[in-house]
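The next block holds one structure in the form of structure tokens; read it before the comments.
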Amino acid sequence: MVRTFLRQHVLYQDRAKDIMASDKPLTKTQLRAVRRLGTCAAFAALEIRGAGLRKGSALSAECAGVNQNFFRRTMNDKNIFELRIARKNMKGEYVELPPIHVRDDKYCGYEVLNWYLTTARPLFNYANPQFCKEEKCAMATHLFVSEQSAKPLDGAMLYKWFTRSSADIGLPMYPHNFRHGFATLLLARSWSNRGRAAAYLGCSVGVLDTYYGWIDKQQKLEEVQDLLAEALAGK
């Protein structure tokens, strides 16, 4: 389950590619499925290979226009995507994240986002240059696009798409589960990872202690159980 959780961006992409592999034009149902799976693949790649963002912070990302905050860059001879989240787009506006990098040397995050930008995102009408030229309308600037307009994808629709796509891979979840999953995995390995987990999630250590202190308590209970078992065994 952990492996599926950490590679779900690739699993969504694989399913989208399977649908697109046909030589025939996509039906409306297939087109919607590819849009859904492509969006979920890109969102998961940003969360897993970038940082554990809240849904609203991710949906605020713009890859074009005057407010662009998602860029393709080169750093130390490596291709990266860089996302800069403004403080106003962080919950509570009390933590400002450093630039988030998705590198091409880490498990398929860059590749999935690049595929989304070049292949899946243009399947949305308002992210398609030809459609916008013919309809004489402005192109969408947000990374995650609505099917009906140039506006960003609605959070409720992302939630709906994600619950359906994740069920398809046998790991039912919703967008906020990324944050909970990351924190649980890091802290279950060691409670000393509190600082790393807080930085990854863009929250304070105090907030982490409040919501995940049960992990430390569970670890301590298990340590006591082991000590008692050793005492009973006469060690």
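Coordinate-derived values only; no laboratory data. Given the structure is predicted, the values throughout are model-derived calculations rather than measurements. FYI the Cβ positions are ideal-geometry reconstructions off the backbone, even for glycines, and counts take in every protein chain you see.
Spatial offset of the stretch 22-58 relative to the stretch 115-177 amounts to 7 Å, using the alpha carbon center of each. The ranking of ARG49, ARG32, ARG3 from fewest to most other beta carbons within 10 Å of each one's beta carbon is ARG3, ARG32, ARG49. Binning the alpha carbon pair distances of the stretch 39-180 at 5 angstrom intervals from zero yields the distribution 2, 10, 18, 23, 21, 15, 8, 3, 0, expressed in whole percent. Contact order, relative form, for the stretch 2-173: 23 percent (alpha carbon pairs under 8 Å, 6 or more residues apart, mean separation divided by residue count).
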